[in-house]
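The numbers here are math on the coordinates, done by the rules we state, and not lab data. Just so it is clear, the model here is predicted, and its values are computed rather than measured. Here the Cβ is made from the backbone with ideal geometry for all residues, glycine too, and neighbour counts use every protein chain on show.
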Amino acid sequence: MIKFNVKTYGSVDNKAIIFVHGFIGSAEDWEEIILEFKDNYYCIAIDLPGHGATICDCDDDFQIHNTNTQLRLLFDSYGVVSPIVTAYSMGARYMLDFAVQHPDYFSAMIIESGSCGLKTEQERKERVFNDYLLSQRINESSMLEFLEFWYSLPLFGEIKNHPDYKDLIYNRAKSDKNGLIKSLEFAGTGKMTALHEQWKNLQIPSLLITGENDKKYSELLFEMYSNNKYSNFQLVPNAAHNSHFENKEIFVKYVKEFLNKL
């Protein structure tokens, strides 16, 4: 069983929004965003397996389907009904898989820099191998060295120029390397079931959002938008993959506009 670390904000009497972080992140990543919503929503932020203070008993706990089975029990234990979910990157992969398993559970989804997975077996095999190399880098480096490499990837654009970048690195450097390696091994993109066909049939109002400087995920999310009539698509200016960190104000603006139309 997974012992999830959970943080809650706001009144349990309000509509619930569940917040799910990305790779090397934690529930704390969402605190600045949650401050904008906690007066009107019951906000629940979790640490995924291998991240933050969540504890796993065995390797099976890291597998996306198994994690989501236990997350369903966790969410139900908080008494939420038809919650909204906001999920970033790796967290978006988990929650898209969750939505396919439980298509009537979420009343709406905000998917930031996520995807439906890789379309071909060959792409998945290549990604599994690349994630293995990435895990080797994590194992052989200090966390600070790895983070320097990680945030130099084109995916993250100019994130190093953000005034709060040092705080981001300080928090990320606390990560457990073994947990991150397990996460890559069992829940990396290459291990994710391709959900492109299932996505077409999901009837959940969804906001698909990423930074305008993240060309890869701009294309992936636009394709998702084109294939699902219940989805909306927004690009956050002056941001790349992590738009809720790089341009919080516009990210919040787009999310509030989306929620107000539900």
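Out of (1) buried (at least 17 other Cβ atoms within 10 Å of the Cβ); (2) assigned to a loop (DSSP other than H, G, I, E, B), the odd one out for ASP29 is which?
Condition not satisfied by ASP29: (2).
One residue is enough: does region 85-95 have a residue meeting the conditions over 18 Å from LYS216 (Cβ atoms), in contact (Cβ under 8 Å) with a residue 40 or more places away in the chain, surrounded by fewer than 16 Cβ atoms within 10 Å (Cβ to Cβ) and of a type outside the set (Lys, Arg)?
Within region 85-95, none of the residues are over 18 Å from LYS216 (Cβ atoms), in contact (Cβ under 8 Å) with a residue 40 or more places away in the chain, surrounded by fewer than 16 Cβ atoms within 10 Å (Cβ to Cβ) and of a type outside the set (Lys, Arg).
Could you check ASP76 against (1) surrounded by fewer than 19 Cβ atoms within 10 Å (Cβ to Cβ); (2) in contact with a helix residue (DSSP H, G or I) (Cβ under 7 Å, 6 or more places away or on another chain); (3) of a type in the set (Asp, Glu); (4) over 24 Å from SER175 (Cα atoms) and say which number it fails?
In the conditions (1) surrounded by fewer than 19 Cβ atoms within 10 Å (Cβ to Cβ); (2) in contact with a helix residue (DSSP H, G or I) (Cβ under 7 Å, 6 or more places away or on another chain); (3) of a type in the set (Asp, Glu); (4) over 24 Å from SER175 (Cα atoms), ASP76 misses (2) alone.
Only one residue in ASN5, ASN66 is without any contact (Cβ under 8 Å) to a residue 12 or more places away in the chain and surrounded by 15 or more Cβ atoms within 10 Å (Cβ to Cβ). Which one?
Result of the check over ASN5, ASN66: ASN66.
So ASN139 clears everything in (1) within 24 Å of ALA53 (Cβ to Cβ); (2) exposed (fewer than 15 other Cβ atoms within 10 Å of the Cβ); (3) under 18 Å from the mean Cα position of the chain (by Cα); (4) of a type outside the set (D, E, K, R) except one condition, right? Which one?
The number of the failed condition is (3).
Which residues, counting only those in region 8-26, are in contact (Cβ under 8 Å) with a residue 40 or more places away in the chain, buried (at least 17 other Cβ atoms within 10 Å of the Cβ) and out of contact with any Gly (no Cβ under 6 Å at 6 or more places or on another chain)?
Listed by number, the residues that qualify are LYS15, ALA16, ILE17, ILE18, PHE19, PHE23, ILE24, GLY25.
Can you name the residue in region 213-262 that is among the charged types (D, E, K, R) and crowded, with 21+ Cβ neighbours inside 10 Å and is also nearest to LEU118 (Cα to Cα) among such residues?
Only one residue tops the list, namely ASP214.
So which residues in region 16-52 are in contact with a Ser or Thr (Cβ under 8 Å, 6 or more places away or on another chain) and over 30 Å from ASP131 (Cβ atoms)?
Hits for region 16-52 are TYR42, CYS43.
Can you pull out every residue in region 32-41 that is assigned to a loop (DSSP other than H, G, I, E, B) and either surrounded by fewer than 19 Cβ atoms within 10 Å (Cβ to Cβ) or under 14 Å from the mean Cα position of the chain (by Cα) (or both)?
Listed by number, the residues that qualify are LEU35, GLU36, LYS38, ASP39, ASN40.
Can you tell me which of TYR170, TYR217, TYR225 is aromatic (Phe, Trp, Tyr) and farther than 20 Å from PHE258 by Cα?
Being aromatic (Phe, Trp, Tyr) and farther than 20 Å from PHE258 by Cα holds for just one of TYR170, TYR217, TYR225, which is TYR170.
Is there any pair linking a residue in region 176-205 that is crowded, with 18+ Cβ neighbours inside 10 Å to one that is of a type in the set (Gly, Ala, Ser) and assigned to a loop (DSSP other than H, G, I, E, B), with Cβ under 6 Å and at least six apart or on different chains, and which?
What qualifies is GLY179/GLY50; LEU180/GLY50; LYS182/GLY50; SER183/GLY50; MET192/GLY117; LEU195/GLY117.
Table: residues versus (1) part of a loop (DSSP other than H, G, I, E, B); (2) in contact with a strand residue (DSSP E or B) (Cβ under 8 Å, 6 or more places away or on another chain); (3) within 14 Å of ILE24 (Cα to Cα).
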residue: GLY52; (1), (2), (3): yes, no, yes
residue: THR67; (1), (2), (3): no, yes, no
residue: LEU73; (1), (2), (3): no, no, no
residue: THR86; (1), (2), (3): no, yes, no
residue: PHE106; (1), (2), (3): yes, yes, no
residue: ILE111; (1), (2), (3): no, yes, no
residue: LYS119; (1), (2), (3): yes, no, no
residue: LYS125; (1), (2), (3): no, no, no
residue: TYR132; (1), (2), (3): no, no, no
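Looking at the structure I just gave you, is ILE44 in a helix (DSSP H, G or I) and either touching a strand residue (DSSP E or B) at 6+ places or on another chain (Cβ under 6 Å) or buried (at least 20 other Cβ atoms within 10 Å of the Cβ) (or both)?
Here the answer is no, as ILE44 does not meet what is asked.
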